[in-house]
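Notes follow once the structure below has been shown.
The values are calculated or read from the model by the stated rules, or taken from the named source; none is laboratory data. Predicted model, so just to flag it, every value in this text is computed and none were measured. Cβ placement follows ideal geometry from the backbone for every residue including glycine, while neighbour counts extend to all protein chains displayed.
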């Protein structure tokens with residue numbers, strides 16, 4: 001069923017919404033194209049407002065007409081989020097690994113490689129090389145009766161060493 005235009009003495013189909021009240025977008029009337037053009041030319045949301053009211057409206061429009069709180073106020077949502085985000089309930093930021101991680105300028109691949117080799121982030125190349133030799137002897141398939149588990153571990157160790165060799169080389 002088609003709705004007829006709400007303009008007086010008009011029988012065209014009303015497809016376009018025109019607000020009835022200024023501050024109520026839910027109450028509207030339907031107008032045809034010709035009459036919505038006339039309505040829009042005459043419509044002035046700011047009529048009957050003084051300069052201060054218009055300025056206040058524009059400023060509050062920046063926050064979608066929602067009340068705002070000073071960041072430091074106790075009921076500010078973002079302040080509550082921020083405070084809880086900084087709470088270190090698991091002591092992650094207190095752990096030695098995090099402190100080493102934060103200080104290092106290594107890439108995530110290098111850090112992962114050092115973890116596979118069971119080394120700290122501030123390690124020297126000679127220590128990496130020495131640890132690699134120890135781990136190769138420990139996990140070599142010939143020494144572990146062809147164990148698939150040890151072979152997979154050795155592959156990871158070799159890949160980790162290759163990664164570190166590319167980035168750290170012979171002492172960077």
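Close Cβ contacts (under 6 Å, 6 or more residues apart or on different chains) running from residues in the range 52-79 that are not assigned by TED's automatic domain parsing to the domain that holds residue 23 to residues that are assigned to a helix (DSSP H, G or I) and at pLDDT below 80 comprise 71/79.
Of all residues in the range 12-41, those satisfying the criterion of being over 22 Å from residue 61 (Cβ atoms) and either part of a helix (DSSP H, G or I) or under 43 Å from the mean Cα position of the chain (by Cα) (or both) are 15, 16, 29, 30, 33, 34, 35, 36, 37, 38, 39, 41.
So, residue 130, is that one surrounded by fewer than 15 Cβ atoms within 10 Å (Cβ to Cβ), in contact with a helix residue (DSSP H, G or I) (Cβ under 7 Å, 6 or more places away or on another chain) and assigned to a helix (DSSP H, G or I) or not? Working first, answer last.
Numbers: surrounded by fewer than 15 Cβ atoms within 10 Å (Cβ to Cβ): yes; in contact with a helix residue (DSSP H, G or I) (Cβ under 7 Å, 6 or more places away or on another chain): no; assigned to a helix (DSSP H, G or I): yes.
No: the conditions fail for residue 130.
Is at least one residue of the range 109-117 assigned by TED's automatic domain parsing to the domain that holds residue 164, part of a loop (DSSP other than H, G, I, E, B), at pLDDT 90 or above and touching a helix residue (DSSP H, G or I) at 6+ places or on another chain (Cβ under 7 Å)? Explain how you work it out, then say what you get.
Just the residues of the range 109-117 that are assigned by TED's automatic domain parsing to the domain that holds residue 164, to begin with: 109-117.
Still in the list and also part of a loop (DSSP other than H, G, I, E, B): 117.
Remaining after also requiring at pLDDT 90 or above: 117.
Next cut, touching a helix residue (DSSP H, G or I) at 6+ places or on another chain (Cβ under 7 Å) only: 117.
Checked the range 109-117: at least one residue is assigned by TED's automatic domain parsing to the domain that holds residue 164, part of a loop (DSSP other than H, G, I, E, B), at pLDDT 90 or above and touching a helix residue (DSSP H, G or I) at 6+ places or on another chain (Cβ under 7 Å).
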